[in-house]
Amino acid sequence: MNVLIVSNRLPVTTRVDAGGVTVVPSNGGLATGLRGVHERSGGLWIGWPGVPAELPTPIRRAIDQRLAAVGAVGVPLAAREIDAFYQRYSNGVLWPVLHDMLDHPAAEPSDWEAYRTVNERYADVVARRARPDEVVWIHDFHLMLVPRLLRERCPSLRIGFFLHTPFPSIEALATVRHHAALLDGLLGADVVGVHTRAYAARFLDAVRALLGRATSPSDVEDGARRVHVRACPMSVDVSAFEARATEPRVAAMASHMRRDGERLLLGVDRLDYTKGIPARLDAYARLLEREPSLRGRVRLHQLAVPSRESVPAYQALRAEVESTVARINARFGTREWTPIEYRYGCVDDVTLSALYRAADVMLVTPRRDGMNLVAKEFVASRVDGDGVLVLSEHAGAAAELRTALLVDPDDVDGLARSYSAALAMSAPERRVRMRRLRSAVRRHDVFQWAREFLLALGGGGAALVGRSAG
Ligand code: ADP
Ligand code: F6P
């Protein structure tokens, strides 16, 4: 059975310039994680091409062709819809609330209208494309109304929805004026999936408290239907990361990165205020302050992927991170030694794997994160059984990766102590912890995640069986 994937972000993003139309791989966990599942399932992926719809017809045709070549179908969004639906409502209002951050702007009525209109357009496109023998799998917070809108258009379709962010507290959700419509939108699905049991419990609580619906431990009543709520932790393509980690060019690049015996701490994130980067950097400065013997002997390599660059909060974060890096490098750096190597941009797969292999300590310290696939990519890449993972207790991944060094991402002192403990950890302890982390990640890779969800939805999972690493 085919799976029709629907998300605002497609696996590729379109670029239009003087040279014509090209597509590049999209950033972020949804795109990187689902890409392999899409390739194996053989169905279509419906989403936004990444550029405004106001383009000459020949260019629009060229975009459609590029997308068709990778099994994708574009949903056109006008420039003003990108601003209102994507930048202001999805990223400005919903994103902070979903991460329990309450200082979000109030929604303008016109932004909510745009959210609704775009969700309707998605439902129309999916209704036209979905075949009766397909299951439809809708992803993420941009499209919370689509399950209900699609159910109205195609009552007998099997519809699944997966939320890639945390599910927030009732108090946070209730601050959004349209919370009831958003929750009701989700209940158009047959199965609603989230990363952890804690998020599933919060979802059920919210449905009871804010919609007054009856629930059982894993179901919600929706008229004559029952909506199944399932905790399904997303993962990564473990076999692909393992295979790449053992390539000779990756090993060569990794040993070059570990130059002069320096110990390497690594951060890899989209540049997002949920990722806890400022406190992570401050804690590194605190470590260098407290342990001067480490100066010249450690280095923090921080990769920051550009994200949502037209949203003001992201512009402010970039300025804050870059001035913090400059301040720490000016304070502790010498002619021979730069304490923080910061890169704003993407790296290719081989470089990413080499960094994961080279790192002594991986810093994954989000203030809140639905799952965090970087933590799992790091573990999957450590075929050598070494390396220490410092992991925020507020990342969904912490529910599975219990032998990481778990930290409070806002506690700068505590973070500095954890970095110190990670650097001082004995080889036998590192190996025991990493063995447990690896067995957790190998047991449940991204194909297992998709298979579990699709089996719960009643189709499609079988096509993905047999690819699990564990
Ligand atoms: P989110 O979904 O919030 O972006 P995740 O940690 O789940 O966070 O996923 C991030 C994805 O982006 C991972 O697959 C990671 O490998 C990728 N990524 C992060 N930083 C970079 C970078 N500098 N270059 C290439 N890929 C990156
Ligand atoms: O974590 C939520 C999420 O939607 C990811 O799944 C996605 O990869 C990331 O945010 C990127 O967001 P955007 O589509 O805005 O680039």
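No lab work stands behind these numbers, since they all come straight from the coordinates. Since the model is a prediction, treat every value here as computed from it, not as a measurement. Backbone-built Cβ (ideal geometry, glycine too); neighbour counts: all protein chains shown.
Put in order of Cβ neighbour count within 10 Å, fewest first, the listed residues Met434, Met362 become Met434, Met362.
Here the contact order of segment 15-131, divided by its residue count and restricted to Cα pairs under 8 Å and six or more residues apart, works out to 22 percent. The long axis of helix 427-443 is offset from the longest Cα principal axis of the chain by roughly 10 degrees. The alpha carbon gyration tensor of segment 399-447 gives principal lengths a ≥ b ≥ c with a/c of 1.5 or higher and a/b no greater than b/c, which makes the shape oblate.
Helix 277-290: angle to the longest alpha-carbon principal axis of the chain, degrees 0 to 90, nearest 10? For 277-290 against the chain, the angle is about 10 degrees. Couplings 3J(HN,Hα) of segment 420-425, computed from phi: 5, 5, 5, 5, 8, 4 Hz, in residue order, whole Hz [Karplus 6.51 cos²θ - 1.76 cosθ + 1.60, θ = phi - 60°; x for Gly and Pro].
Comparing Cα centroids, segment 200-277 and segment 117-178 end up 20 angstrom apart. From least to most packed, judged by other beta carbons within 10 angstrom and beginning with the fewest, Asp408, Asp272 follow the order Asp408, Asp272. Need the C-alpha centroid separation for segment 14-59 versus segment 426-452, integer Å. Each part reduced to its Cα centre gives a spacing of 31 Å. A Förster radius of 25 Å, combined with the Cβ-Cβ distance separating Ser255 from Asp410, puts the computed FRET efficiency at roughly 0.10. Taking a point 7 Å from the Cα of Glu152 along the Cα-to-Cβ direction, the residues of segment 89-128 with backbone N closer than 15 Å to it are 113-127. Taking segment 359-399 and a reference point 7 angstrom along Cα→Cβ of Val432, no backbone N atom is nearer than 13 Å.
With a/c under 1.5 counting as rounded, go ahead and sort segment 289-412 into rounded, prolate or oblate using the C-alpha gyration tensor (a ≥ b ≥ c being the square roots of the eigenvalues; past the cut-off, prolate if a/b is larger than b/c, else oblate). Rounded is the answer for segment 289-412, as its axis ratio a/c remains below 1.5.
Counting only alpha carbon atoms, the long axis of helix 29-41 and the longest principal axis of the chain meet at about 60°.
Based on C-alpha pairs under 8 angstrom that are at least 6 apart in sequence, the chain has a relative contact order of 14 percent.
For segment 96-185, the mean projected area of the C-alpha convex hull, equal to one quarter of the hull surface, is 5.8 nm². Across segment 230-236, rounded Karplus estimates of 3J(HN,Hα) from the backbone phi angles (6.51 cos²θ - 1.76 cosθ + 1.60, θ = phi - 60°) give 9, 8, 9, x, 6, 9, 10 Hz, Gly and Pro being marked x. DSSP loop GluC sites (Glu not before Pro) in segment 255-340 with at most 12 other Cβ atoms within 10 Å of their Cβ, which ones? Those satisfying the criteria are Glu309, Glu336. Once C-alpha pairs closer than 8 Å and six or more residues apart are averaged by separation and normalised to the residue number of segment 160-282, the relative contact order reads 21 percent. Put in line by how crowded their Cβ is, counting other Cβ atoms within 10 Å and starting with the fewest, Leu102, Leu405 read Leu102, Leu405. Between Val347 and Arg331, the modelled labels are 2.5 nm apart [label points 7 Å from Cα along Cα→Cβ]. Classify segment 280-353 as rounded, prolate or oblate, taking a ≥ b ≥ c as the square roots of the eigenvalues of its Cα gyration tensor: rounded when a/c is under 1.5, otherwise prolate if a/b is larger than b/c and oblate if not. Cα axes put segment 280-353 in the oblate bin. With the simple spin-label model, which puts each label point 7 Å out from Cα in the Cβ direction, the Met425 to Arg177 separation comes to 4.8 nm.
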